[in-house]
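Structure, as structure tokens:
The values are calculated or read from the model by the stated rules, or taken from the named source; none is laboratory data. Since this is a predicted model, take the numbers as computed values, not measurements. Note: ideal-geometry Cβ built from the backbone for every residue, glycine included; neighbour counts use all protein chains shown. Just the protein is used for accessible areas: all its heavy atoms, side chains included, with ligands, DNA and RNA removed. Shrake-Rupley method; radii C 1.70, N 1.55, O 1.52, S 1.80 Å.
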Amino acid sequence: MLGRRAVHVVRRGLSPKSLATFSKDRNRFYNDVDVVRAENGSFQIKLDGKYTVRTPLRKVLELPTETLANAVALEWDSQKKHIITALMPLSVLCFKATDKTIPDKELISHMLEFLETDTVCYRASPRDDEKLSNLENSRWNPLTDWFSEHYHVHLAMTTDIMLTPQPAQTLTKLDTHLRNQHPWTIPAFHDATTNLKSFVIAMALLDGGLSAEEAIACSYLETDYQIERWGEVEWQHTLERARLSANVAAAVLLVNEIRSVPQGQETLFG
């Protein structure tokens, strides 16, 4: 992709099999979609009044807030001839949060690997491209300053393409912060990180340092700079940005809704 500078490190990642949380897309088999209240106080999605939406592991999808349930129901109601899971990012996150096919500690570990090569920590050198260097500093410095102050950590910054490790204390603090989040939010943090291709941007997005629009702009800074110079693939970049916007919005909604649930109401979660 344009603007994604390479860093010489191999990221361990998660196996494709472990990331598979859906069966294949299928034909739409229902007409009506409704939200119903369950006996335990959670909300469920009903199709044609008789089919309850279940996760890939066949668990009933139980959602803790009506707002979240209505948003998931809207995704199901928006499907046309086929149920296309790629167009249902919020449902995907809720399925992952319910099924827990990947342990939270593995998702957190994978997120912290992104920090080791985070795009906002690897800047263009003024000697190589002064205009890009100034642009990155003007856009990203407020972000990294917020990040360091909010989490009380130091971020290692460089203009070298070789790997610059982050301090062990920084990694430990951030690991602890994530482990203290509600388990339902961890898939959203992980998806935001992988979609934005930046741990720093994703954390700022979900912890109040950036709006969704600002997060996407920060993520696409180098790409937009290259497009300004060389032009864009008309349909490709527009489609990619639209998908990113939908995925980011889903992560923000899920995290905000989970944080709105009063402590002690664990029966609301599937």
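Tabulated data
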read-out: Lone unmet requirement of (1) out of contact with any Phe, Trp or Tyr (no Cβ under 6 Å at 6 or more places or on another chain); (2) farther than 30 Å from residue 228 by Cα; (3) among the hydrophobic types (A, V, I, L, M, F, W, C); (4) part of a helix (DSSP H, G or I) for residue 57; value: (4)
read-out: Pairs with Cβ under 7 Å, 6+ apart, first in region 152-180 and in contact (Cβ under 8 Å) with a residue 12 or more places away in the chain, second part of a loop (DSSP other than H, G, I, E, B) and open to solvent by 80 Å² or more (accessible area, probe 1.4 Å); value: 156/165; 161/5; 161/8; 162/8; 163/8; 167/154; 170/154; 173/152
read-out: Any chance residue 102 is under 23 Å from the mean Cα position of the chain (by Cα) and loosely packed, with under 15 Cβ neighbours inside 10 Å; value: no
read-out: Given (1) loosely packed, with under 13 Cβ neighbours inside 10 Å; (2) more than 16 Å from the chain's Cα centre (by Cα); (3) modelled with pLDDT under 95, number of the condition residue 164 does not satisfy; value: (1)
read-out: Within region 119-225, helices (runs of 4 or more DSSP H) holding 2 or more residues that are closer than 24 Å to residue 257 by Cα and hydroxyl-bearing (Ser, Thr, Tyr); value: 186-196
read-out: Region 46-63, residues that are open to solvent by less than 10 Å² (accessible area, probe 1.4 Å) and in contact (Cβ under 8 Å) with a residue 40 or more places away in the chain; value: 55, 61, 63
read-out: So residue 238, is it part of a helix (DSSP H, G or I), open to solvent by 30 Å² or more (accessible area, probe 1.4 Å), within 30 Å of residue 38 (Cα to Cα) and at pLDDT below 90; value: no
read-out: Those residues of region 68-108 which are touching a residue at least 12 places away in the same chain (Cβ under 8 Å) and farther than 30 Å from residue 32 by Cα, in sequence order; value: 102, 104, 105, 106, 107, 108
read-out: Top-ranked residue in region 33-52 [being assigned to a loop (DSSP other than H, G, I, E, B) and either in contact with a helix residue (DSSP H, G or I) (Cβ under 8 Å, 6 or more places away or on another chain) or of a type in the set (Ser, Thr, Tyr) (or both); ranked as modelled with the lowest pLDDT]; value: 40
read-out: Single condition residue 78 does not satisfy, out of (1) hydroxyl-bearing (Ser, Thr, Tyr); (2) surrounded by fewer than 16 Cβ atoms within 10 Å (Cβ to Cβ); (3) touching a helix residue (DSSP H, G or I) at 6+ places or on another chain (Cβ under 6 Å); value: (3)
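Results for (1) modelled with pLDDT of 95 or more; (2) aromatic (Phe, Trp, Tyr); (3) loosely packed, with under 14 Cβ neighbours inside 10 Å; (4) more than 15 Å from residue 187 (Cα to Cα), shown as yes or no for each residue.
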| site | (1), (2), (3), (4) |
| --- | --- |
| 73 | yes, no, no, yes |
| 90 | yes, no, no, no |
| 94 | yes, no, no, no |
| 110 | yes, no, no, no |
| 132 | yes, no, no, yes |
| 135 | yes, no, no, yes |
| 146 | yes, yes, no, yes |
